[in-house]
Amino acid sequence: MDGNGRWARRRGRPISFGHRAGVRAIKPVMYACEDLGIKVLSVYAFSTENWRRSRREVQTLMRLFEEAFHREFDELNERQIRVFISGRRDGLSDRIRELIEECETRSRDNRGGVLNVCLNYGGRAEIVDAVRRLIAEKVRPEAVDEAAISARLYAPELPDPDLIIRTAGEQRASNFLLWQSAYSEFYVTDTLWPDFGKQDLEAAVSDYQRRTRRFGARPAE
Ligand code: IPE
Ligand code: MG
């Protein structure tokens with residue numbers, strides 16, 4: 001969800017204004033996913049590297065997460081959406097950790113769709129944490145395969161993403177779902193995240209539908 005800062009700057013407003021608009025943009029995209037039959041939406045809310053931002057900006061973001069969970073959770077739950085929060089728990093405040101636990105537990109049996117919020121998330125950190133678990137569980141080296149690692153990621157129940165959308169024109173992975181994106185299709189749009197809506201999602205999906213996914217194989221003649 002990139003481009004909140006630029007969106008605010010263009011309007012001569014503070015960064016917090018952009019982040020607030022960024023949070024508002026999530027719900028319409030989520031419901032557009034529902035309409036398109038997309039069952040899992042992952043949003044990159046805060047990376048393990050975002051702590052490098054000013055204390056003030058980090059505080060603003062954390063407050064916005066908290067407010068958003070409080071405000072939106074009941075509606076998500078009513079819509080049968082299961083909430084996953086992927087990322088390192090340490091580093092987050094006790095309040096946010098409790099909130100995360102509550103959202104995940106209360107929505108555990110929902111089967112309508114998944115919202116996976118990547119919060120204090122890093123793709124490398126996730127792989128490191130999976131390796132730590134393998135070692136802690138004393139898994140034998142011969143038993144370590146791709147499935148063993150996949151099973152120890154933050155949300156092993158979720159499928160690998162088919163499509164990864166990058167807003168605000170950036171053409172890099174930025175430590176997002178590194179393991180899971182091995183064969184994901186990437187789509188880059190110049191649209192800034194706060195402006196990203198249903199039509200942008202539909203454009204991304206129809207672009208995706210024109211692609212041929214080979215997963216390394218040779219396509220049939
Ligand atoms: C939001 O966009 C990303 C978050 C960490 C929530 P940015 O804040 O990175 O926006 P730009 O890159 O400054 O435009
Ligand atoms: Mg950015």
* To do: Averaging sequence separations of C-alpha pairs under 8 Å and six or more residues apart, then dividing by the length of the stretch 41-119, give the relative contact order as a whole percent.
  => 50
* So what is the 222 nm mean residue ellipticity for the chain from helices alone, if each DSSP H run of at least 4 adds -39500 (n - 2.57) and you divide by all residues, rounding to the nearest 500 deg cm²/dmol? -> -13500 deg cm²/dmol
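In the stretch 1-87, what is the volume of the convex hull around the alpha carbon atoms, normalised per residue and reported in Å³?
Values: hull volume 9.0 nm³, N = 87.
So the per-residue hull volume is 104 Å³.
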* To do: Principal axes first, then extents: for the Cα atoms of the stretch 76-174, list largest minus smallest coordinate on each axis, whole Å, largest first.
  => 44, 36, 29
* Electrostatic dipole magnitude of the chain [Cβ: Lys, Arg +1; Asp, Glu -1; Cα centre; debye, to 20] -> 780
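Which order do peptides 36-43, 129-136 fall in by mean Cβ count within 10 Å, highest first?
Working: 36-43: 15.5, 129-136: 13.5.
Going by the mean number of other Cβ atoms within 10 Å, highest first, we get 36-43, 129-136.
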* Show which lysines lie in cross-link reach of LYS138 when reach means a straight Cα distance below 22 angstrom and same-chain residues fewer than eight apart are skipped. => none
* Which distance in nm do the two modelled labels at ALA217 and VAL144 give, with both placed 7 Å along the Cα-to-Cβ direction? -> 3.0
* Farthest toward positive dipole pole in the stretch 134-221 [+1 Lys/Arg, -1 Asp/Glu at C-beta], among ILE165, ALA151, GLN209 -> ALA151
* Asked: Given a 1.4 Å probe and the protein chains all in place, what does the accessible area of MET1 round to, in Å² to the nearest 10?
  -> 60
* Structure fact -> For the stretch 1-131, the charge dipole (Cβ of Lys, Arg +1; Cβ of Asp, Glu -1; about the Cα centre) points to a positive end, and the Cα of VAL117, PRO14, SER107 closest to that extreme belongs to PRO14
* To do: May I ask you to list the lysines whose Cα is less than 26 Å away from that of LYS39, ignoring any residue fewer than eight positions away on the same chain?
  => LYS27, LYS198
* Structure fact -> Sorted list, accessible surface of protein heavy atoms, 1.4 Å probe, largest first, for THR105, THR191, THR167 is THR105, THR191, THR167
* May I ask you to evaluate 6.51 cos²θ - 1.76 cosθ + 1.60, the Karplus curve with θ = phi - 60°, for each residue of the stretch 45-52 and list the ³J(HN,Hα) values in order in whole Hz, giving x for glycine and proline? => 8, 7, 9, 4, 8, 5, 5, 6
* Can you pull the semi-axes for the chain, root of five times each eigenvalue of the Cα gyration tensor, sorted largest first, whole Å? -> 27, 24, 18
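The values are calculated or read from the model by the stated rules, or taken from the named source; none is laboratory data. Remember, predicted model here, so these are calculated numbers, not experimental data. Don't worry about glycine lacking a Cβ; one is built from the backbone with ideal geometry, like all the others, and counts go over all protein chains shown. Heads up: the accessible areas ignore ligands, DNA and RNA and are worked out on the full protein's heavy atoms, side chains in. Shrake-Rupley method; radii C 1.70, N 1.55, O 1.52, S 1.80 Å.
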